[in-house]
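Asks: Right, I'll just put the structure down here and ask away after.
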Amino acid sequence: MTDKIQTYLAARRPPTPCLVVDLDIVEENYRRLAAALPTAEIYYAVKANPARPVIERLDRLGSGFDTASIYEIERCRALGIAPERMAYGSTVKKERDIAAAHGYGVSLFAFDSEAELAKLARAAPGARVLCRIAMEGEGADWPLSEKFGCHPDMAVDLLERARAVGLDPYGLSFHVGSQQRDTAQWDIAIGRSAVVFGALNRRGIELRMINLGGGFPARYRRDAPPVERYAEAISAALTRHFGNNLPLTMIEPGRCIPGDAGIIQTEVVLISRKSYVDDRRWIYLDIGRFGGLPEVLDEAIQYRLRTGRDGGPTGPVVIAGPTCDEVDILYENARYELPLALEVGDRIQILSAGAYTATYASVGFNGFPPLDEYYI
Ligand SMILES: *Cc1c(COP(=O)(O)O)cnc(C)c1O
């Protein structure tokens, strides 16, 4: 947690739960990634944190924006982002939304199926298209392994067809899985991409772009390499599979830009035990899965926690949210321990919570309002 956030919390004491994001860290994370991968175009994945101050800061740094819906496109548009700096990266779009985006001037779209290609041909004639190839999500804490992408053989045919229907077969995209901790996954994906590039080349089509996706990490409980290591792995893989004939590249970082920049301030509502023999305490917080922490699903994303009583003896805990839903348990099997001195009313900080939290909060499940957000 940065001094700036600490000072803010101490001075303002905002009601909990709330998300506080340090925009200077957002900027630092962007600059660090850009420096590590200087030849890749950056399209920030807006869905990770679409707050206006985040988009505005990244806009000033020259970032592009990867969008998941027409609503995100309209949001960016309202903030003055030029359409050439937006990509419509979802592979599941309504035809009228494609038409609207195209009407705004957006000209880069992803797809992974014949039916989506047909929509693009009708609604965005002449647009550049990236065919998303499937990855298995191995090594990722939050895999994106089944829902998106097609087999490379299918990608070859679809991109050939793209040209036949009046689109510009621009290249390929993939996503190796979010919070990907194995940098070797890019080598696999880039290797598959090279096969598709080669096959299309033999059919007279020169692809130009590889969209290397997201997957760059934030700092949670389990270690991940620094972004520089990802950049080295990617550069080495590009050289290995493409030699001197390097394609253009773009990346769509989400989590790694705002993730470490934010913390969620929470309050302990209840501490209880379920029997005289179980030594685990149940710690109920004023935020849970429905308040902006859905990524605790299957305990996949394990946030680092901080309390004002750290340093003393600790004991095992189950951590749960405040709603009446049984699934609103954050961590039961991940072996969290918290200080034995912890009391009802104490504050707990959830660290690296700047990505995939606030916009995931329910609008009012059990009457709890969405998460308050402060950008400083
Ligand atoms: C969510 C998403 C991203 C961002 O992924 P991170 O793992 O958060 O970096 C990038 N590209 C696409 C297409 C996405 O859906």
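Asks: Among the residues of region 1-48, write down those that are within 23 Å of Val227 (Cα to Cα) and among the β-branched types (Val, Ile, Thr).
Replies: Selection gives Thr2, Val21, Ile25, Val26, Thr39, Ile42, Val46.
Asks: Next question, about the same structure. Might you let me know whether region 153-169 holds any residue that is farther than 21 Å from Ala199 by Cβ and within 15 Å of the ligand (Cβ to nearest atom)?
Replies: no
Asks: Which ones in region 251-285 are surrounded by 23 or more Cβ atoms within 10 Å (Cβ to Cβ), among the aliphatic types (A, V, I, L, M) and assigned to a strand (DSSP E or B)?
Replies: Residues satisfying the conditions are Ile251, Ile263, Ile264, Ile283, Leu285.
Asks: Across region 296-316, what is the total count of residues that are under 22 Å from the mean Cα position of the chain (by Cα) and surrounded by fewer than 19 Cβ atoms within 10 Å (Cβ to Cβ)?
Replies: 6
Asks: Moving to a separate point now. Inspect all residues belonging to region 213-221 and state whether any of them is touching a residue at least 12 places away in the same chain (Cβ under 8 Å), among the aromatic types (Phe, Trp, Tyr), surrounded by 24 or more Cβ atoms within 10 Å (Cβ to Cβ) and within 12 Å of the ligand (Cβ to nearest atom).
Replies: yes
Asks: Within region 317-346, track down each residue that is surrounded by 15 or more Cβ atoms within 10 Å (Cβ to Cβ) and part of a strand (DSSP E or B).
Replies: Passing the criteria: Val317, Val318, Ile319, Ala320, Ile329, Leu330, Tyr331, Leu338, Pro339.
Asks: It is to be established whether one or more residues within region 41-55 are outside any strand (DSSP E or B), over 22 Å from Leu207 (Cβ atoms), more than 16 Å from the ligand (Cβ to nearest atom) and under 20 Å from the mean Cα position of the chain (by Cα).
Replies: yes
Asks: Something else now. Being in a loop (DSSP other than H, G, I, E, B) and either modelled with pLDDT of 95 or more or more than 30 Å from Gly191 (Cβ to Cβ) (or both) is the requirement here; does Lys119 meet it?
Replies: no
Asks: A further question follows. Could you count how many residues in region 253-268 are away from the ligand (no atom under 13 Å from the Cβ), under 12 Å from Asp22 (Cα atoms) and among the acidic types (Asp, Glu)?
Replies: 0
Asks: Tell me, which residue of region 347-368 that is more than 23 Å from the chain's Cα centre (by Cα) and in a loop (DSSP other than H, G, I, E, B) is surrounded by the fewest Cβ atoms within 10 Å (Cβ to Cβ)?
Replies: By that ranking, first place goes to Gly364.
Asks: I've got another one for you. Take the residues in region 102-113 that are over 22 Å from the mean Cα position of the chain (by Cα), over 12 Å from Arg132 (Cα atoms) and in contact (Cβ under 8 Å) with a residue 24 or more places away in the chain, then tell me which one is nearest to the ligand (Cβ to nearest atom).
Replies: Among them, the one singled out is Ser107.
Asks: I would also like to ask the following. Return the pairs, sorted by first residue and then second, in which the second residue is among the charged types (D, E, K, R) and surrounded by 17 or more Cβ atoms within 10 Å (Cβ to Cβ), the first residue lies in region 21-32 and is over 12 Å from Ser352 (Cα atoms), the beta carbons are less than 6 Å apart, and the residues are 6+ apart or on different chains.
Replies: Listed pairs, sorted by first residue: Leu23/Arg57; Glu27/Arg57.
The values are calculated or read from the model by the stated rules, or taken from the named source; none is laboratory data. Since the structure is predicted, the reported quantities are computational estimates derived from the model, not experimental observations. Don't worry about glycine lacking a Cβ; one is built from the backbone with ideal geometry, like all the others, and counts go over all protein chains shown.
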